[in-house]
Amino acid sequence: MNGRTTVADRILQFNEGLAETTLELPPGFRVVNPFSGPQQERVREVTAGFYHKYYDDDRPRRLVLGSSPARRGTAVTGVPFEDAKLLENDTGVDVADGYAVSRPSAGFLHDVIARYGGRTRFYADFIMSFVCPLGLVRTNPQGREVNCNFYENKKLLELLHSFLVDTLERQLEFGIDTSVCCCIGSGENFKFLTKVNEGQRFFKTIVPLEHPRFITQYNGGRREEFAEKYLSALRGEGD
């Protein structure tokens, strides 16, 4: 790409690279790739509209990394952790068909974003993405496909390891402030990211944050406490 590029250009170019990605997985596992799947044209429209709206500049931002896209969430829209209705309002593209975001999880995140100062301010400071930027599913004993994470199976992680490290490195090329990375998922996702970072030194500090599903399903009474923890991390308190 010649001349000046924006953060939006770089993210969209990264996504185009993902569209060409093929991965070897163990039997019973499958990749869900929104950038090359049956909805790829709509995903291209949605992602272009979203990223050009919030990222048409060259401002450095911090990464907020989840583990991987849910098969009926980000793996449908191509935009991490976003709500279908809000995406429709932002881009003018109908994305609801086949989309089934976890409303409690999305509600928690968007409440945090609102309290941070709203979508425009939040996206001026952060890029939300994933350690594994493609969705993963496995076939359960009943023969149904269910979401899975890259760390759930030893052979799966072994096969994906070089892809995960490579795509983490490429995401830094968006123009990332690497002083602090927020990791959504304080268990295995944080453990893997920390181990990779010990070798690669991608980030100065990684801050673990509990997954919104863990908060809303199992710790609803502590929602305010966890929201404050998120806000403290996002504001850089204690950096």
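Remarks
- Some residue of region 123-133 being among the acidic types (Asp, Glu) and modelled with pLDDT of 95 or more: yes
- Across region 114-128, the number of residues qualifying as of a type in the set (A, V, I, L, M) and within 15 Å of the chain's Cα centre (by Cα) comes to 2.
- Residue list for region 131-174, restricted to those being basic (Lys, Arg), closer than 24 Å to Phe81 by Cβ and part of a helix (DSSP H, G or I): Arg170
- Filtered by the rule that a residue be free of Cβ contacts under 8 Å to residues at least 60 places away in the same chain, touching a helix residue (DSSP H, G or I) at 6+ places or on another chain (Cβ under 8 Å), in a helix (DSSP H, G or I) and open to solvent by 30 Å² or more (accessible area, probe 1.4 Å), region 193-215 gives a lone residue, Gln200.
Yes/no matrix, rows are residues, columns are (1) more than 26 Å from Ile215 (Cβ to Cβ); (2) open to solvent by 30 Å² or more (accessible area, probe 1.4 Å):
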{"position": "Val131", "(1), (2)": "no, no"}
{"position": "Asn153", "(1), (2)": "no, yes"}
{"position": "Phe163", "(1), (2)": "yes, no"}
{"position": "Leu168", "(1), (2)": "no, no"}
{"position": "Leu172", "(1), (2)": "yes, yes"}
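Per-residue answers, yes or no, for (1) of a type in the set (A, V, I, L, M, F, W, C); (2) in a helix (DSSP H, G or I); (3) at pLDDT 90 or above:
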site	(1), (2), (3)
His52	no, yes, yes
Ser68	no, no, yes
Leu87	yes, yes, no
Gly98	no, no, no
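The values are calculated or read from the model by the stated rules, or taken from the named source; none is laboratory data. The shown structure was predicted, so the numbers you read here are calculated from the model rather than taken from an experiment. Every residue, glycine as well, gets a Cβ built from its backbone with ideal geometry; the counts of neighbours run over all protein chains shown. When the accessible area is computed, the model is the full protein with side chains, heavy atoms only, and any ligands, DNA or RNA have been set aside. Shrake-Rupley method; radii C 1.70, N 1.55, O 1.52, S 1.80 Å.
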